[in-house]
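Here is the structure we will look at.
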Amino acid sequence: MIHFVLLIVCAVAIYLSCEWFVNAVEWLGRRLNVGKMAVGTILAAFGTALPESVVTLVAVTTGATDEAKNIGVGAAMGGPLALATVAYGVTGAMLLLKRRKERNAVFAETGMAPTDPADYPEAEEALGSATDMKRLAKDQKWFLPIFVVKVALGLVAFAFKPALGLLFFAAYAVYFWREIRGGDDGDGEEDELEPLKFQPRAASPATWAVAAQTLLTLVVIFFASQLFVKQLDAIGPMLGLSAAVTALLLSPIATELPEIMNAVIWVRQGKTKLALANISGAMMIQATVPSGLGLLFTKWHFDTALLWSGLITMAAIVYLLLTMRARRLTPARLATAAGFYVVFALGLIPILS
């Protein structure tokens with residue numbers, strides 16, 4: 001029973017910390033004078049991806065056996081999978097709920113009941129303009145080839161393969177530079193930010209307060225996420241789940257919980273672009289930094305389950321990329337991405353049996 005209580009406590013702690021974190025990171029982006037999209041793709045993504053990256057670093061550098069080190073490899077594969085499916089799916093579902101709530105509020109004010117299917121546009125209205133779709137598709141086009149190479153390297157063995165880990169770090173450095181130099185993405189408008197939680201009465205909070213709130217919330221997110229994963233590891237066997245199923249199905253979602261929480265908070269605030277940018281930015285980190293560590297310190301050899309996770313991740317990204325390029329990405333289609341995780345879970349049954 002204590003594990004279930006701690007699980008709920010950790011989830012609440014992560015959500016509240018993320019709410020304070022996104023508040024601080026938006027002010028941090030303004031202090032650093034980076035583009036609004038870079039706040040999501042770089043600043044927020046870097047902070048929320050820290051727990052998973054540390055898990056991978058510790059596993060691959062301190063693991064006493066190959067099996068212990070492979071925990072880091074699993075984390076490096078599970079993170080992108082959870083982001084490409086569950087995180088995008090939850091974001092789409094939240095957008096559907098938000099738009100439906102707004103539509104019902106309008107009907108309540110006017111006193112008119114909807115009679116035409118056209119009065120229910122929330123599921124079919126595209127997420128942004130053609131420029132927005134192009135911007136989102138660009139992130140996916142960065143991610144996909146890097147991820148394909150990452151999976152392909154898990155199927156082969158050669159002497160200098162570990163050295164290729166440095167190329168993954170270089171790929172992220174290029175992406176980082178592109179995002180920081182990206183400006184305001186042609187938006188031109190400066191959003192009014194909510195007051196900093198540490199200084200709620202200040203119109204322009206002190207830089208030290210912004211930095212302190214950012215760092216403190218990251219510390220809470222890090223430790224709460226680690227404790228959350230440990231509770232899942234304990235609860236899995238209680239529910240009759242094997243350690244392998246818990247590691248491949250539940251742990252990735254747990255480690256990506258901060259990104260999911262960030263997306264929920266930004267959608268609630270009407271900042272859909274930041275929500276999607278946070279997920280795509282975290283995916284780029286997950287595709288490069290943990291992979292580079294895994295290549296440097298492990299054999300980076302995939303079994304059937306890891307290969308299956310890679311294939312499902314690529315399928316989900318191709319699906320998202322095609323809908324973005326066709327300018328047909330809607331909340332409903334975004335929510336559908338979660339279905340790929342269901343396919344992954346069903347495919348694991350014969351693999352692990």
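The values are calculated or read from the model by the stated rules, or taken from the named source; none is laboratory data. Quantities reported herein were computed from a predicted structural model and do not represent experimental measurements. Methodologically, a virtual Cβ is constructed for each residue, glycine included, from the backbone with ideal geometry; neighbour enumeration extends over all protein chains shown.
When the stretch 13-35 is limited to residues that are touching a helix residue (DSSP H, G or I) at 6+ places or on another chain (Cβ under 9 Å) and without any contact (Cβ under 8 Å) to a residue 60 or more places away in the chain, the one that is surrounded by the fewest Cβ atoms within 10 Å (Cβ to Cβ) turns out to be Leu32. Out of all the residues in the stretch 42-81, which are in a loop (DSSP other than H, G, I, E, B) and either surrounded by 24 or more Cβ atoms within 10 Å (Cβ to Cβ) or at pLDDT 75 or above (or both)? Hit for the stretch 42-81 is Ala49, nothing else.
Taken over the stretch 300-343, residues that are exposed (fewer than 15 other Cβ atoms within 10 Å of the Cβ) and outside any helix (DSSP H, G or I) amount to 3.
The residues of the stretch 270-310 that are among the hydrophobic types (A, V, I, L, M, F, W, C) and without any contact (Cβ under 8 Å) to a residue 60 or more places away in the chain amount to a single one, Trp308. Scanning the stretch 160-211 for residues that are surrounded by fewer than 16 Cβ atoms within 10 Å (Cβ to Cβ), small (Gly, Ala, Ser), more than 30 Å from Phe297 (Cβ to Cβ) and at pLDDT 90 or above gives Ala206, Ala211. Just one of the listed residues (Val86, Val39) is part of a helix (DSSP H, G or I), modelled with pLDDT of 75 or more, within 30 Å of Thr323 (Cα to Cα) and touching a Gly at 6+ places or on another chain (Cβ under 8 Å), namely Val39.
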